[in-house]
Amino acid sequence: MKIAMIHGQNHVGSTCRIGRLLAEKIGGEVTEFFLPRDFGEFCVGCATCFMKDETKCPHHEKLLPFIKAMDEADVIILTSPVYVYHATGSMKTFLDHFGYRWMVHRPRACMFTKQAVCISTAAGAGMKSTNKDMADSLFFWGIPRIYKLGMAVAAIRFDQITEKKRATIEKKTTVLASKIRRNHGRVKPGVKTKAFFSIMRFLHKKEINPADRVYWEAQGWLGRKRPWK
Ligand SMILES: Cc1cc2nc3c(=O)[nH]c(=O)nc-3n(C[C@H](O)[C@H](O)[C@H](O)COP(=O)(O)O)c2cc1C
């Protein structure tokens, strides 16, 4: 299995370690990125990606390794420590660059067969909103199966995590990894994704944005074709 793992932080702390533990238990080839080390640009708000072509984004070249790894992956793992109840700024600015891939614009067909995981850790609270920050993008990219793993580690550093909590982390990652392995090659979009796709299809037929319509037409999605089997 191919795994693309993107960390919303530069350091190997609790969140990264949980991500690595999970990836190891899933097994396979892992391509790992750290933010902002591997990508730290802010979206400039030109909207060229939406209105014209994502390859005209001033940061497109820097995004290419991420695009390759994510498109080729069977599983995408996004990790972020909770920073003031949300994903890190680095993760947010990274995800901003993929707005053009939302179903409302030009989603990639390959996304509709993948599994994804959002991992966050907090000292106490905020994992739900942090995982949602990341899961929103994954859902609107079309990924049909998204798992969320949030841990209140009650620690600032990994070595401060109690034995009891480490045992919970071990258990949760084992259960999740076997679920992901079991579902490999079997995931299909659910009602929510299909309904959203249908609404977008209806809008693109009306040509709300010419660049998007051309894309949907080329994919065959304005006809009978769908990005899932
Ligand atoms: C800037 C900053 C903001 C934080 N905000 C929160 C927060 O809102 N809630 C919380 O419980 N912990 C918060 N924390 C603590 C971290 O989320 C927590 O220690 C996390 O496990 C660190 O993960 P890491 O080891 O991967 O960096 C914050 C830490 C930092 C540095």
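The values are calculated or read from the model by the stated rules, or taken from the named source; none is laboratory data. Being a predicted model, the structure only gives us computed values, none of them experimental. With ideal geometry, Cβ positions are generated from the backbone for all residues, glycine too; neighbour counts draw on all protein chains shown. For the accessible areas, the whole protein counts, side chains as well, though only heavy atoms, and no ligand, DNA or RNA atoms are used. Shrake-Rupley method; radii C 1.70, N 1.55, O 1.52, S 1.80 Å.
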Which ones in region 13-28 are within 16 Å of the ligand (Cβ to nearest atom) and either in contact with a helix residue (DSSP H, G or I) (Cβ under 9 Å, 6 or more places away or on another chain) or under 16 Å from residue 148 (Cβ atoms) (or both)?
13, 14, 15, 16, 17, 18, 19, 21, 22, 23
Go through the residues of region 177-186 one by one and say whether even a single one is of a type in the set (A, V, I, L, M, F, W, C), farther than 20 Å from residue 144 by Cβ and in contact (Cβ under 8 Å) with a residue 24 or more places away in the chain.
no
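Just to check your reading of the model, which residue among 28, 45, 40 is modelled with pLDDT of 95 or more, under 30 Å from residue 168 (Cα atoms) and surrounded by fewer than 17 Cβ atoms within 10 Å (Cβ to Cβ)? If you could, list the steps in order and put the result at the bottom.
Values: 45 fails: under 30 Å from residue 168 (Cα atoms); 40 fails: under 30 Å from residue 168 (Cα atoms).
It is 28.
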Residues located in region 101-144, provided they are farther than 30 Å from residue 213 by Cα and among the small types (Gly, Ala, Ser)
120, 122, 123, 124, 125, 126, 129
Return only the number of the condition from (1) more than 16 Å from the ligand (Cβ to nearest atom); (2) surrounded by fewer than 21 Cβ atoms within 10 Å (Cβ to Cβ); (3) farther than 22 Å from residue 177 by Cβ that residue 107 does not satisfy.
(2)
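Give the residue that is least open to solvent (accessible area, probe 1.4 Å), with candidates limited to residues of region 132-175 that are polar (S, T, N, Q), assigned to a helix (DSSP H, G or I) and within 16 Å of the ligand (Cβ to nearest atom).
Keep residues of region 132-175 that are polar (S, T, N, Q), which gives 137, 160, 162, 168, 173-174.
Then keep just the ones that are assigned to a helix (DSSP H, G or I); that gives 137, 160, 168, 173-174.
Of the ones still in play, those that are also within 16 Å of the ligand (Cβ to nearest atom) are 160, 168, 173.
Details: 160: 84, 168: 56, 173: 0 Å².
For region 132-175, the residue satisfying everything is 173.
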Filtered residue count, region 62-98, keeping only those that are surrounded by fewer than 18 Cβ atoms within 10 Å (Cβ to Cβ) and either of a type in the set (A, V, I, L, M) or away from the ligand (no atom under 16 Å from the Cβ) (or both)
9
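Looking only at region 185-202, count how many residues are surrounded by 14 or more Cβ atoms within 10 Å (Cβ to Cβ) and not in a helix (DSSP H, G or I). Walk me through it before giving the result.
Restricting attention to region 185-202, the residues satisfying the condition of being surrounded by 14 or more Cβ atoms within 10 Å (Cβ to Cβ) are 187, 189, 193-194, 196-197, 200-201.
Next, only the ones that are not in a helix (DSSP H, G or I) stay: 187, 189.
Residues flagged as surrounded by 14 or more Cβ atoms within 10 Å (Cβ to Cβ) and not in a helix (DSSP H, G or I) within region 185-202 amount to 2.
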